[in-house]
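Data first, discussion second: the structure below is written as structure tokens.
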Amino acid sequence: MKKRNHVSKIGSSHLCKIIENALTDIPMFSLLQQDGCLHAEVSDCEIDKVTAVKILQTMHYIRILDERMVAAQRQGRISFYLACTGEEAAIIGSAAALHDQDMIMSQYREQGALAYRGFSTQEFMDQLFSNERELNKGRQMPIHYGSKALNFMTISSPLGTQIPQASGYAYGQKMAGEAAITICYFGEGAASEGDFHGGLNMAAVLNCPVIFFCRNNGYAISTPSEEQFAGDGIASRGIGYGVKTIRVDGNDALAVYMATLKARDIALHKHCPVLIEAMTYRLAAHSTSDDPASYRSKEEESIWQQRDPILRFSLWMKQKGWLDETKITHFFEKTREQVLAALKEAENVPICKIDDIIEDVYDTPPWHLKQQVSDLKKHIAKYPKHYPRTSGRL
């Protein structure tokens with residue numbers, strides 16, 4: 001048996017001291033100033049023009065998609081939507097630093113990562129309208145995307161479930177000898193769930209190659225961060241679990257990209273987890289069911305609007321000579337047309353047949369599920385006016 005001494009690395013004291021404040025000063029890594037200039041201490045950054053252009057275009061694309069789909073929800077065309085306005089740099093900047101073979105496990109505001117991977121506008125629309133072309137056969141509510149081809153795990157509604165799942169998946173990647181990692185996105189509100197603590201501890205103990213990416217946008221729906229926790233954000237928790245930790249300016253796409261590159265290298269080659277806390281702000285409502293005016297002021301929002309991550313990155317690219325205003329304008333026009341056309345097409349595609357509900361779970365659906373589907377069909381047939389789209393697909 002191996003001899004163990006769990007106190008061997010702990011110093012001793014002969015005074016009974018109560019630790020009142022053990023906070024470590026965790027700085028926020030930042031490269032770009034608000035005007036797009038690099039901070040004085042920064043010389044240059046290792047990013048090529050092609051990657052930078054794709055990051056900027058994807059941020060613009062997602063903002064256009066979000067604006068259009070929030071409007072569609074208000075018009076009653078879809079039931080629900082979550083925009084990531086203000087958080088595009090955190091999501092897309094980090095996704096750009098990954099490799100295609102890396103697994104993405106997200107919460108519900110990471111459509112930018114999926115778009116960067118190549119998810120098409122039509123695929124977004126098919127999911128949002130839950131039609132028969134949707135990859136998960138319309139079984140999920142809107143914004144619960146998933147794509148096996150793009151290594152993007154299907155989103156679950158319950159908060160935090162993806163965190164321990166990410167640890168387990170990354171452990172499997174390591175055991176299989178894959179040159180890949182897993183990245184797990186979540187908000188600081190989800191870090192209050194028990195799954196966060198179990199997931200981080202599991203990853204630290206088993207040395208799982210996973211990046212835990214926390215979007216700290218200041219609010220868990222309507223609950224401000226100071227009412228969620230008294231500690232130094234989420235980064236300090238990583239240190240507590242023995243996880244290598246980085247805190248980054250989440251509105252600085254360049255800094256997020258560089259931080260994630262470094263985190264991926266550490267996770268992959270040192271076989272260990274890394275926690276990234278991206279400090280950002282949710283300019284949009286939590287969802288289309290939320291009214292942020294009830295818990296935050298317009299003055300507060302105005303301050304953060306001036307820190308728009310897309311504007312900051314655009315100004316930096318302009319200074320680099322990488323921004324073509326004519327091409328960007330053409331991109332806006334083309335994207336808006338593309339989104340609207342895909343929306344109109346998707347809402348006219350039939351939904352899946354009721355029988356599909358119980359497929360793909362068991363090899364042969366058991367009798368009780370078949371009975372439930374039969375009862376559901378009878379119910380819809382009895383009240384067809386209440387199920388206008390479904391009643392025609394029985």
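Values for this structure:
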read-out: Residue-wise HN-Hα coupling along the range 355-361, computed from phi with Karplus coefficients 6.51, -1.76, 1.60 (Hz; x: Gly, Pro); value: 4, 5, 4, 9, 7, 6, 9
read-out: Cα-centred dipole magnitude for the range 103-204, charges only on beta-carbon of K, R (+1) and D, E (-1), debye, nearest 20; value: 180 debye
read-out: Gap separating the Cα centres of the range 73-100 and the range 250-317, nearest whole Å; value: 12 Å
read-out: Dipole magnitude (debye, nearest 20) for the chain, charges at Cβ of Lys, Arg, Asp, Glu; value: 980 debye
read-out: DSSP beta bridge pairing in the range 102-212, given as percent antiparallel to the nearest 5; value: 10 percent
read-out: Karplus 3J(HN,Hα) series, Hz, for the range 252-268 with 6.51 cos²θ - 1.76 cosθ + 1.60 (x for Gly, Pro); value: 10, 4, 5, 5, 4, 4, 5, 5, 6, 4, 5, 5, 5, 4, 5, 4, 6
read-out: Correct choice for Cα Rg over 2.2 N^0.38 Å that was computed from the model, options (i) 1.08; (ii) 1.24; (iii) 0.95; value: (i)
read-out: When each of K3/K244; K353/K378; K137/K334; K54/K320; K148/K344 is checked by Cα-Cα distance, pairs over 23 Å; value: K3/K244; K137/K334; K148/K344
read-out: 5 angstrom amide H check on R247, placed H, neighbours 5+ away; value: F29, E277
read-out: Cα-based shape type of the range 197-260, given that a ≥ b ≥ c are square roots of the gyration tensor eigenvalues and the cut on a/c is 1.5; value: oblate
read-out: The range 288-394, relative contact order in percent, only Cα pairs under 8 angstrom and at least six apart counted; value: 21 percent
read-out: Around C184: net Lys/Arg minus Asp/Glu count, Cβ-Cβ under 12 Å; value: -2
read-out: The range 194-236 versus the range 119-145: alpha-carbon centroid distance in Å; value: 29 Å
read-out: Distance (nanometres) between label positions extended 7 Å along Cα→Cβ at R4 and K382; value: 6.0 nm
read-out: Lys/Arg +1, Asp/Glu -1 at C-beta; the chain dipole; positive extreme among Y387, A346, T223; value: Y387
read-out: Full-extension gain in nm, S43 to L340, via 0.36 nm per residue minus C-alpha separation; value: 102.7 nm
read-out: Karplus-derived 3J(HN,Hα), 6.51/-1.76/1.60, for each residue of the range 171-184, Hz, glycine and proline x; value: 4, x, 4, 5, 5, 7, x, 6, 8, 8, 10, 10, 10, 10
read-out: Rounded to the nearest 20 debye, dipole of the range 1-113 from Cβ charges on Lys, Arg, Asp, Glu; value: 740 debye
read-out: Packing-based order for 57-69, 253-265, 4-16, using average beta carbon neighbours within 10 Å, highest first; value: 253-265, 57-69, 4-16
read-out: DSSP-defined beta bridges in the chain - what % are antiparallel, rounded to 5; value: 15 percent
read-out: Length-normalised contact order of the chain in % [C-alpha pairs under 8 Å, at least 6 apart]; value: 22 percent
read-out: Whole-Å distance, taken between Cα centres, linking the range 177-193 and the range 342-394; value: 34 Å
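Only the coordinates and a few stated rules stand behind these numbers; no lab work does. Remember, it's a predicted structure, so these values are computed and weren't measured experimentally. Counting neighbours? That spans all protein chains shown, and the Cβs are built from the backbone with ideal geometry, glycine included.
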